[in-house]
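Working notes for the structure below.
The values are calculated or read from the model by the stated rules, or taken from the named source; none is laboratory data. Here the structure is a predicted model, which is why all the values come from computation and not from measurement. For neighbour counting, all protein chains shown are included, and Cβ atoms are generated from backbone atoms with ideal geometry for every residue, glycine included. Note: areas computed on protein heavy atoms with side chains; ligands, DNA, RNA excluded. Shrake-Rupley method; radii C 1.70, N 1.55, O 1.52, S 1.80 Å.
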Amino acid sequence: MKKTHPHRRKKHHAKKLGLPPGSLVYVGAGDDDVASLAPPKLTLISYDAAGLQEKIIAANELAMLDLNAPNKLWLNVHGIHDVELIKQIGQVFGLHPLVLEDILNTEQRPKVDEYSNYVFLETRHFYYEKETLSVSSEQISLVLGRNFLLTFQERSTGAFTPVRERLRVEHSPMRSLGVDYLAYSLLDSIVDKYFHVLEEMGDDSEALEDALLAKPSIAQLHSIHQLKRASIELRRVVWPLREVVNHLTRNESGFFSAGTIPYLRDIYDHTVNFIESLESIRDSLGGLMDIYMTSVSNRVNLELRALTVVAMLFMPATLIAGIFGMNFHYMPWIADPNGFWWAMAVMASIALVMLMIFWRRQLLSSQ
């Protein structure tokens with residue numbers, strides 16, 4: 001019996017595309033891109049306290065898997081564009097058609113759905129592109145059963161490599177624990193990657209602040225907007241992920257052991273800490289925008305002040321030239337052979353006096 005969860009957002013893409021109800025389509029890369037993608041890769045890890053076996057299997061070997069064996073199974077799928085393969089996995093492990101639809105739709109928000117014999121959850125793995133100051137993400141889906149774990153990735157992300165290395169260690173404690181602890185470890189590895197992205201964003205934010213204080217430019221304004229968009233994208237994913245982890249800690253379905261619940265609470269604390277740190281960066285980016293606007297306004301004021309000083313220096317000369325340009329027969333220095341030089345001397349003297357006044361009042365400085 002399925003339990004409805006408030007975070008579920010059903011997207012009936014088959015209905016949107018004019019396909020019969022229940023039809024499955026891959027919603028990710030464009031049609032041209034799907035043809036160029038590498039074939040999916042299935043990696044199966046079977047382990048228990050005594051040992052571990054890891055191998056790459058073909059699609060036709062799925063039907064031979066023994067789900068009732070005492071071994072714990074972890075099947076990881078790299079590449080979810082093969083709809084028939086996803087259907088086959090769904091048949092072997094008894095997955096609901098809606099679960100298969102959500103796996104194939106790579107535009108989902110983090111969410112969790114509980115079924116009678118497994119728990120399905122989705123999250124996203126983020127990459128930070130330092131050149132463009134932006135983030136990109138890929139969907140990761142997990143299906144946790146009583147003795148199996150399925151993970152679906154659009155392509156190899158490297159997010160699970162540390163967990164694999166821990167499992168491969170001889171006499172690893174993870175082998176004696178259940179698949180619920182493995183699911184926790186994978187989720188924790190994904191959340192840890194978020195902090196790496198956050199750290200790089202923080203470094204670029206500090207570098208932008210130093211550059212803005214030195215010399216603001218339009219390129220820096222563009223960088224600020226890029227970082228703000230990246231922070232919004234991260235928040236859009238981590239905020240519902242916090243609620244997903246909180247739902248898992250309540251363990252209403254009993255898929256997690258009592259020993260794993262404290263570790264899930266630790267992930268919840270990490271997501272809360274991440275959101276708080278992300279809000280701090282967003283506030284910092286808002287401050288950078290204020291710094292940019294203030295710097296630009298200050299630069300405009302300095303330029304206007306320089307233009308005003310120049311205009312005021314020429315105003316007395318313009319006044320004197322205008323007076324001597326009047327058509328009167330009798331004016332001072334009109335008949336004097338040195339009258340022109342006397343007028344020029346007066347203009348220069350007034351300009352020098354004004355320059356001294358401006359200098360004393362610090363109107364000629366660039367600060």
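Just to confirm the filter: which chymotrypsin sites (Phe, Trp or Tyr not before Pro) across region 248-280 are DSSP coil and have at most 16 other Cβ within 10 angstrom of their Cβ?
Here no loop site has a sparse enough neighbourhood.
Between L213 and H96, the simple label model (points 7 Å from Cα in the Cβ direction) yields a spacing of 5.5 nm.
Among the GluC sites (Glu not before Pro) found in region 219-279, those both in a DSSP coil and sparsely packed, with 15 or fewer other Cβ atoms within 10 Å of their Cβ, are E252. Taking the centroid of alpha carbons for each part, region 271-341 and region 37-88 are 72 Å apart.
Each residue of region 285-297 was assigned a 3J(HN,Hα) from its phi angle through the Karplus curve 6.51 cos²θ - 1.76 cosθ + 1.60 (θ = phi - 60°); the sequence is 5, x, x, 5, 5, 5, 4, 5, 5, 5, 5, 5, 4 Hz, with glycine and proline shown as x. Simple spin-label estimate for R299 and W359 gives 2.9 nm between the two label positions (7 Å along the Cα-to-Cβ direction from each Cα). Across region 73-80, computed HN-Hα scalar couplings (Karplus, 6.51 cos²θ - 1.76 cosθ + 1.60, θ = phi - 60°) run 10, 10, 10, 10, 10, 9, x, 10 Hz from first to last residue, x flagging Gly and Pro.
Apply the a/c threshold of 1.5 to the C-alpha gyration tensor of region 215-367 and tell me whether it is rounded, prolate or oblate.
Note, shape of region 215-367 comes out prolate.
Cross-linked pairs K130/K215; K41/K193; K87/K111; K87/K130; K41/K111: Cα-Cα separations exceed 29 Å for K87/K130. Against the criterion of solvent-accessible heavy-atom surface with a 1.4 angstrom probe, F152, F324 sort, most first, into F324, F152. Near N105, the amide H atoms lying under 5 Å from its own belong to V27; only residues 5 or more places off or on other chains count, and H is placed 1.01 Å from N. Does the chain come out rounded, prolate or oblate by the C-alpha gyration tensor, with a ≥ b ≥ c the root eigenvalues, rounded set by a/c under 1.5 and, if not, prolate when a/b is larger than b/c and oblate if not? Cα axes put the chain in the prolate bin.
Under the shape rule built on the C-alpha gyration tensor, where the axes satisfy a ≥ b ≥ c, region 74-192 is oblate, since a/c reaches at least 1.5 while a/b does not exceed b/c. Each Lys and Arg adds +1 at its Cβ and each Asp and Glu adds -1 at its Cβ; summed about the Cα centre, the chain shows a dipole of about 760 debye.
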